[in-house]
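Asks: Input: one structure, supplied below.
The values are calculated or read from the model by the stated rules, or taken from the named source; none is laboratory data. Predicted model only: the values in this text are computed from it and were never measured. Because the Cβ atoms are built from the backbone with ideal geometry, glycine has one as well, and the counts that use them run over all protein chains shown. The protein model used for the area step is the full one, side chains on, heavy atoms only, and it has no ligands, DNA or RNA in it. Shrake-Rupley method; radii C 1.70, N 1.55, O 1.52, S 1.80 Å.
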Amino acid sequence: MSDNIKVTIDNITIEVPAGTSILEAARKIGGAVAPPTMCYYSHLKGSGGKCRTCLVEVSKGSEKDPRPMPKLVASCRTGVMDGMEVKSITSEKVVDARKGVTEFLLLNHPLDCPVCDQAGECHLQDLGYEHGKEGTRTEFERRTFEPEDIGPYIQLHMNRCIMCFRCVFTAEQLTDYREHGILDRGEHARISTCISKSLEHDFIGNVIDVCPVGALTDKTFRFKQRVWFTKPVDAHRNCTNPNCCGEVRLWMRGDEVFRVTARKDEWGEVAIASNGKPGWICNECRFEKKKTSDWVIEGPSNISRHSVISQGHYNKNVHEPQVELLAEVIGKQPVMKMDIYDVSEVNKPERHLSQIEGPAHSEDFK
Amino acid sequence: MKLLLENAHIEGIRYYEAYRKNGGYRAVEKALKMTPDELVEEVKKSGLRGRGGAGFPTGMKWSFLAKPEGVPRHLVVNADESEPGTFKDRYLMEFLPHLFIEGMIVSSFALGSNASYVYIRGEYAWIPDILEQAIAEAKANGWLGKNIQGSGFDCEIYVHRGAGAYICGEETALIESLEGKRGNPRIKPPFPAIQGVWMRPTVVNNVETIAAVVPIINMGGEEYGKIGVGRSTGTKLMSACGNLKRPGVYEIPFDLSVEEFIFGDEWCQGIANGKKLKACIPGGSSVPILPANLLLKTAKGETRYMNYESLSDGGFQTGSMLGSGGFIVLDEDQCVVRHTMSLARFYKHESCGQCSPCREGTGWMYRILKKIEYGQGTMADIDLLWDIQRRIEGNTICPLGDAAAWPVAAAIRHFRDEFEWHITHPEESQARNYGLAHYADPLEVVA
């Protein structure tokens, strides 16, 4: 008997080892089938199950017990069974539930993307684009907190936090002692240290990498650069810390290193390093080594061609003159979320600016 | 017929002497002569269902307990009775602590638990003392500790005080809290029967369920199973409160009709101050509210009885649940919108903040309800509320999300006209209540 079992997700059948979660199986298929994740992190034990964005419908439990599961299940914490049939984007219930969860997550999330360091690589932005809907139905004040310095390198913007608990698991599993955690409960639950402690462990900087939103920010990088203006470059150095893999991604503009992060895979998680372990990096690599001379440059990072970062044309295969349709560039048909002319009379396409004599007046655009 | 509260009126029953004189600890004597498997079989035969709310068959739960070699097992009793409207366990523990302890010893023996825990609600500050005294008395008389009554079975009972969180009544959150951690529900599976306290197999039962094991062993599972109606066997403690002439804790047979329970002379004696019955929550704040016409008769026109099946007849469209037995009665002067708002506030306050639909949704629902209650709502708010509760229900880690969504859903389903009246008459609604709702009208079913 082979250890592999068959599971069907959105009518695509795949064989996976027993004990795999539905989410990991869906990621093997890839594409739009893979449910979005905000709290699950494959390298952190115990993570997942909290954000509820990865809910899927199990329409057939297994070959032995074909009953469907009564509720939507969190795919990150549900194991596959032989012959299981799962519906992700093909289920209306799932799509509706994800829409709901996205709305809940954005309920108290400030819309400060224009000043947020995470913008451009934010999982919540992606989620909102994929599963959210335009407009808001809430009219109440958001919960607010003051930004808090936790340690010499990290600043916490609790307003943006979506309570994924990833940073708590990171501190628990990568460092010797966890000094931050969840205080209070319900809506008032927040990440903090007790009381006003400083996070100083060698590996605590990794909480910035695991944060899906801009709640935990790198103080050496804050407000210096938008991520899409910087170029990611893979580099390494011989780090003296035995637990640090020393393989990083430099975010450069010109010769200047603005930011150092761990290398990430297509799911936004820390990639497996050459030593076969997750490539967590130490604080020294992350915060102290900001000169190109500190690093051995390997070359441009292999970023998905569809990422907004690769639109900066640093990657040579984009240099070749070629005409691409928008759909080819972003890898899917663009979704028309809103037609601007539905809400605005300004700049009607039939009226060209050159037809206006003299300085334009608001009446010209009516 | 009384099985649990039979001796509750006896002077000094709280203490060992009087309890023993009135037939106490006979169940332990009997149980120690049987094997644990036989005991589980007896409980299975009795058809006892969990009294904490969900009504899961206790015998089944016990038989699911994993029994790996060399790993201790535990019995944890959920005395974190925080559901608004429910206070039956408090009565039981306060006045009949030895009955409860006796049930725990028998259950611990049946499950092979050498260390059993009572997780008691923090607000019940005086009850741990009562229990600890009863435990000390039982120990002094050889019913607890090492080698109980020469049977070779060791058992200790520890009373653990909670810190006042509703969420810790959820079994996995209770286990986390018992372990000394933050009371966040765990993600299931694994279920506590496989990995519970300290990752050991654990059974979590309600206080009343454990107490009901005593009459089951005394009279035999089959005999117990004959009492009651259908799959609701035995008796149930109901804590009646609200606008009743005689609120309190009652032990009811399952063939009692709801009408008899509210208006009967032996029971609650009707609505206080000669008012009319408007609505009722039959099983603690989490279950759907029912208007009077649907409470006394089911949608098919049959009489509704106080048991698991009859109260849930018609599903959530026209029925409710027996739940934990917190029977809250509202008279014609009560405002359903305000009532729903205060429940929503409770769930907002008690949400643990772990999963997003519950953390964000409960607060949102409360704010919308507050807006409607204070005359600033719009018709779209009612539909929005419906949409929010629909997206919370079933999408959360633990049942608190459902518990927060159901009362709001039921209030809109049955009392939509009252919500609309609040919106169309913002000023009038501040001055007076909607009064006796048109609850007898044919139902407008909101899909």
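Asks: With the structure loaded, tell me whether B:Tyr124 is buried (at least 16 other Cβ atoms within 10 Å of the Cβ), assigned by TED's automatic domain parsing to the domain that holds B:Ala79, modelled with pLDDT of 95 or more and of a type outside the set (A, V, I, L, M, F, W, C) or whether it fails that test.
Replies: Spelling it out, it is not the case that B:Tyr124 is buried (at least 16 other Cβ atoms within 10 Å of the Cβ), assigned by TED's automatic domain parsing to the domain that holds B:Ala79, modelled with pLDDT of 95 or more and of a type outside the set (A, V, I, L, M, F, W, C).
Yes or no, residue by residue, for (1) at pLDDT 90 or above; (2) crowded, with 20+ Cβ neighbours inside 10 Å:
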{"site": "A:Lys71", "(1), (2)": "yes, no"}
{"site": "A:Thr78", "(1), (2)": "yes, yes"}
{"site": "A:Gly83", "(1), (2)": "yes, no"}
{"site": "A:Asp96", "(1), (2)": "yes, no"}
{"site": "A:Lys99", "(1), (2)": "yes, no"}
{"site": "A:Phe104", "(1), (2)": "yes, yes"}
{"site": "A:Asn108", "(1), (2)": "yes, yes"}
{"site": "A:Leu111", "(1), (2)": "no, no"}
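Asks: Checking B:Leu4 against (1) surrounded by fewer than 18 Cβ atoms within 10 Å (Cβ to Cβ); (2) closer than 11 Å to B:Leu99 by Cβ, only one condition comes out false. Which one?
Replies: Evaluating B:Leu4 over (1) surrounded by fewer than 18 Cβ atoms within 10 Å (Cβ to Cβ); (2) closer than 11 Å to B:Leu99 by Cβ leaves (1) as the failure.
Asks: Kindly establish whether B:Gly325 is of a type in the set (Gly, Ala, Ser) and open to solvent by less than 10 Å² (accessible area, probe 1.4 Å).
Replies: Yes: the conditions hold for B:Gly325.
Asks: What pairs can you find where one residue is in region A:237-265 and farther than 22 Å from A:His201 by Cα, the other is hydrophobic (A, V, I, L, M, F, W, C) and open to solvent by 30 Å² or more (accessible area, probe 1.4 Å), and their Cβ atoms are less than 7 Å apart, with a gap of 6+ or different chains?
Replies: Between residues of region A:237-265 that are farther than 22 Å from A:His201 by Cα and residues that are hydrophobic (A, V, I, L, M, F, W, C) and open to solvent by 30 Å² or more (accessible area, probe 1.4 Å), the close pairs are A:Arg253/A:Phe229.
Asks: Which condition does A:Trp295 not pass, out of (1) over 20 Å from A:Thr240 (Cβ atoms); (2) at pLDDT 80 or above, if it passes all the others?
Replies: Just one mismatch for A:Trp295, condition (1).
Asks: Further question on the same structure: All but one of (1) in contact with a helix residue (DSSP H, G or I) (Cβ under 9 Å, 6 or more places away or on another chain); (2) at the interface with chain A (Cβ under 10 Å from one of its Cβ atoms) hold for B:Cys398, so report the exception by its number.
Replies: (2)
Asks: Also: B:Arg246 - would you say it is open to solvent by 10 Å² or more (accessible area, probe 1.4 Å), in contact with a helix residue (DSSP H, G or I) (Cβ under 7 Å, 6 or more places away or on another chain), over 28 Å from B:Ile167 (Cβ atoms) and not assigned by TED's automatic domain parsing to the domain that holds B:Gly103?
Replies: So B:Arg246 fails the test.
Asks: Out of all the residues in region A:74-102, which are more than 14 Å from chain B (Cβ to nearest Cβ), small (Gly, Ala, Ser) and in contact with a Ser or Thr (Cβ under 7 Å, 6 or more places away or on another chain)?
Replies: A:Gly83
Asks: For region A:112-159, give me each residue that is outside any loop (DSSP other than H, G, I, E, B) and more than 22 Å from the chain's Cα centre (by Cα).
Replies: The answer is A:Glu148, A:Asp149.
Asks: Looking only at region B:310-363, which residues are hydroxyl-bearing (Ser, Thr, Tyr), part of a helix (DSSP H, G or I) and not assigned by TED's automatic domain parsing to the domain that holds B:His414?
Replies: Across region B:310-363, the qualifying residues are B:Ser310, B:Thr318.
Asks: To continue, here is another question. Under 7 Å between Cβ atoms, which residue pairs at least 6 apart in sequence (or on different chains) link something in region A:87-116 that is farther than 30 Å from A:Phe145 by Cα with a partner that is among the hydroxyl-bearing types (Ser, Thr, Tyr) and surrounded by 21 or more Cβ atoms within 10 Å (Cβ to Cβ)?
Replies: A:Val94/A:Ser88
Asks: How about region B:364-377: which of its residues are assigned to a helix (DSSP H, G or I), open to solvent by 20 Å² or more (accessible area, probe 1.4 Å) and either more than 9 Å from chain A (Cβ to nearest Cβ) or aliphatic (A, V, I, L, M) (or both)?
Replies: Of everything in region B:364-377, those that are assigned to a helix (DSSP H, G or I), open to solvent by 20 Å² or more (accessible area, probe 1.4 Å) and either more than 9 Å from chain A (Cβ to nearest Cβ) or aliphatic (A, V, I, L, M) (or both) turn out to be B:Tyr366, B:Lys370.
Asks: Another question, if that's okay. Only one of (1) in a helix (DSSP H, G or I); (2) under 30 Å from A:Glu284 (Cβ atoms); (3) within 12 Å of chain B (Cβ to nearest Cβ) is not met by A:Leu105, so which one is it?
Replies: (2)
Asks: Going by what's in this entry, would B:Gly361 be described as among the small types (Gly, Ala, Ser), in contact with a Lys or Arg (Cβ under 6 Å, 6 or more places away or on another chain), open to solvent by less than 10 Å² (accessible area, probe 1.4 Å) and within 14 Å of chain A (Cβ to nearest Cβ)?
Replies: No; evaluated as a whole, the condition is false for this residue.
Asks: For A:Ser21, state whether it is in contact with a Phe, Trp or Tyr (Cβ under 6 Å, 6 or more places away or on another chain), at pLDDT 90 or above, within 14 Å of another protein chain (Cβ to nearest Cβ) and within 29 Å of A:Tyr129 (Cα to Cα).
Replies: No.
Asks: Note down all Cβ pairs under 9 Å where the first residue falls in region A:11-36 and is in the same structural domain as A:Val73 (by TED's automatic domain parsing) and closer than 20 Å to A:Lys99 by Cα, the second is of a type in the set (Asp, Glu) and in a loop (DSSP other than H, G, I, E, B), and they're at least six residues apart or on different chains.
Replies: That search, which allows pairs on different chains as well, returns A:Ala26/A:Asp10; A:Ala32/A:Asp10; A:Val33/A:Asp10.
Asks: Report those helices (runs of 4 or more DSSP H) wholly inside region B:18-132 carrying at least 3 residues which are more than 17 Å from B:Gly325 (Cβ to Cβ).
Replies: Per the criteria, B:26-33, B:36-46, B:58-63, B:97-111.
Asks: Okay, moving on. Just to be sure, is B:Asp387 of a type outside the set (A, V, I, L, M), farther than 25 Å from A:Tyr40 by Cα, within 12 Å of chain A (Cβ to nearest Cβ) and surrounded by fewer than 24 Cβ atoms within 10 Å (Cβ to Cβ)?
Replies: yes
Asks: Among what's in region B:140-173 and is free of Cβ contacts under 8 Å to residues at least 24 places away in the same chain and open to solvent by less than 50 Å² (accessible area, probe 1.4 Å), pick the residue that is farthest from the other protein chains (Cβ to nearest Cβ).
Replies: B:Gly142
Asks: Take the residues in region A:160-218 that are assigned to a strand (DSSP E or B) and away from chain B (no Cβ under 14 Å); name whichever of them is surrounded by the fewest Cβ atoms within 10 Å (Cβ to Cβ).
Replies: A:Thr193
Asks: Return the pair list, or none, for Cβ contacts closer than 6 Å from residues in region B:86-98 that are within 21 Å of B:Val28 (Cα to Cα) to residues that are among the aromatic types (Phe, Trp, Tyr) and open to solvent by 10 Å² or more (accessible area, probe 1.4 Å), at least 6 apart or on different chains.
Replies: B:His98/B:Tyr19
Asks: Do we have any residue at all in region B:137-152 that's within 25 Å of B:Lys88 (Cα to Cα) and outside any loop (DSSP other than H, G, I, E, B)?
Replies: Checking region B:137-152: at least one residue is within 25 Å of B:Lys88 (Cα to Cα) and outside any loop (DSSP other than H, G, I, E, B).
Asks: I've got another one for you. Would a scan of region B:252-259 turn up a residue that is closer than 19 Å to B:Glu208 by Cα, in contact with a Cys (Cβ under 7 Å, 6 or more places away or on another chain) and of a type in the set (A, V, I, L, M)?
Replies: No, there is no match, as no residue in region B:252-259 is closer than 19 Å to B:Glu208 by Cα, in contact with a Cys (Cβ under 7 Å, 6 or more places away or on another chain) and of a type in the set (A, V, I, L, M).
Asks: Please go through (1) polar (S, T, N, Q); (2) modelled with pLDDT under 90; (3) under 16 Å from A:Glu103 (Cβ atoms) for B:Asn395 and return the number of the only condition it doesn't satisfy.
Replies: B:Asn395 satisfies all of (1) polar (S, T, N, Q); (2) modelled with pLDDT under 90; (3) under 16 Å from A:Glu103 (Cβ atoms) except (2).
Asks: Could you look through region A:37-61, keep only residues that are among the hydroxyl-bearing types (Ser, Thr, Tyr) and within 14 Å of another protein chain (Cβ to nearest Cβ), and pick out the one that is surrounded by the fewest Cβ atoms within 10 Å (Cβ to Cβ)?
Replies: It comes out as A:Ser47.
Asks: Only one of B:Ala380, B:Ala344 is more than 10 Å from chain A (Cβ to nearest Cβ) and either in contact (Cβ under 8 Å) with a residue 24 or more places away in the chain or out of contact with any Asp or Glu (no Cβ under 6 Å at 6 or more places or on another chain) (or both); which?
Replies: After applying the criteria, what remains is B:Ala344.
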